[in-house]
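Since the structure comes first, as structure tokens, the remarks are kept for the end.
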Amino acid sequence: MSQSEVEGLRRLQSIIGEVLLEVGPKTVEPDVDILKRYCETIGETNPVYFDVDAAKSFGYRSVIVPQSYLLTLFVPIVNEFFAKGFERLFSGLIRGVIHTESYVVYYKPLFAGEKYVLRLESERLERKSGKKGDYYVWTLKTTVSSEDGEDLAYDQHTFFLKI
């Protein structure tokens, strides 16, 4: 890797790190009424996702946040990252982006009415070469944790960045 490529990678890492610090962790508290509307919208009929009494009758302490709703929780923090970093990342540094992979992992259920902490982190950033030239592979991870720091789920996205 040439000195200018090393400098470009360091610059990209630095900008991503700065924006991650600016965004910081966010606290969210899923709301039963919003979850009920969400379930109506997607056609979810299992009452453990929107009826507190039904959820409790199955032994849960509140309604369970549907797994598909996790992405809805993450959208604001990811949007904030790209909004705050857009000019720095896309004004001459990054010329193109391809979203290549995404997956979600759950460790434990989330419940309405409880507070959770969302945080973004840059998992991996490395230079690669291919048929179309040089690019970077970047993995952005959004984690949801309990207030005491236990990781409960995460959403990971991989991007190809053309520099």
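List pairs: first residue in segment 79-96 and within 19 Å of residue 24 (Cβ to Cβ), second residue open to solvent by 50 Å² or more (accessible area, probe 1.4 Å) and not in a loop (DSSP other than H, G, I, E, B) anywhere in the structure, Cβ distance under 7 angstrom, at least six positions apart or on different chains. Going by the 7 Å Cβ cut-off, the qualifying pairs are 84/22.
In segment 126-153, of all residues being open to solvent by 30 Å² or more (accessible area, probe 1.4 Å) and among the hydroxyl-bearing types (Ser, Thr, Tyr), the one that is nearest to residue 113 (Cα to Cα) corresponds to 135. In summary, residue 60 fulfils each of the numbered conditions (1) of a type in the set (Phe, Trp, Tyr); (2) assigned to a loop (DSSP other than H, G, I, E, B); (3) under 19 Å from residue 21 (Cα atoms) with the single exception of condition (3).
Yes/no matrix, rows are residues, columns are (1) open to solvent by 20 Å² or more (accessible area, probe 1.4 Å); (2) under 30 Å from residue 20 (Cα atoms); (3) assigned to a helix (DSSP H, G or I):
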{"position": "36", "(1), (2), (3)": "yes, no, yes"}
{"position": "48", "(1), (2), (3)": "no, no, yes"}
{"position": "56", "(1), (2), (3)": "yes, no, yes"}
{"position": "80", "(1), (2), (3)": "yes, yes, yes"}
{"position": "84", "(1), (2), (3)": "yes, yes, yes"}
{"position": "89", "(1), (2), (3)": "no, yes, yes"}
{"position": "93", "(1), (2), (3)": "no, yes, no"}
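Filtered by the rule that a residue be out of contact with any Ser or Thr (no Cβ under 8 Å at 6 or more places or on another chain) and of a type in the set (D, E, K, R), segment 45-90 gives 51, 53, 61, 80, 84, 87, 88. If you filter segment 4-34 down to residues that are surrounded by fewer than 11 Cβ atoms within 10 Å (Cβ to Cβ) and polar (S, T, N, Q), you find that the one that is nearest to the chain's Cα centre (by Cα) is 27.
Looking across segment 127-163, the residues that are β-branched (Val, Ile, Thr) and farther than 18 Å from residue 23 by Cβ come down to 137, 158, 163. From the list 66, 76, exactly one residue is open to solvent by 70 Å² or more (accessible area, probe 1.4 Å) and either in contact with a Gly (Cβ under 7 Å, 6 or more places away or on another chain) or without any contact (Cβ under 8 Å) to a residue 60 or more places away in the chain (or both). Which is it? Of the residues listed, the single one that is open to solvent by 70 Å² or more (accessible area, probe 1.4 Å) and either in contact with a Gly (Cβ under 7 Å, 6 or more places away or on another chain) or without any contact (Cβ under 8 Å) to a residue 60 or more places away in the chain (or both) is 76.
The values are calculated or read from the model by the stated rules, or taken from the named source; none is laboratory data. It should be emphasised that the depicted structure is a prediction, and the values quoted were computed from it without experimental measurement. Cβ sites come from the backbone with ideal geometry, for glycine too, and all protein chains shown count toward neighbours. We work out accessible area using only protein heavy atoms, side chains counted, and drop any ligands, DNA or RNA first. Shrake-Rupley method; radii C 1.70, N 1.55, O 1.52, S 1.80 Å.
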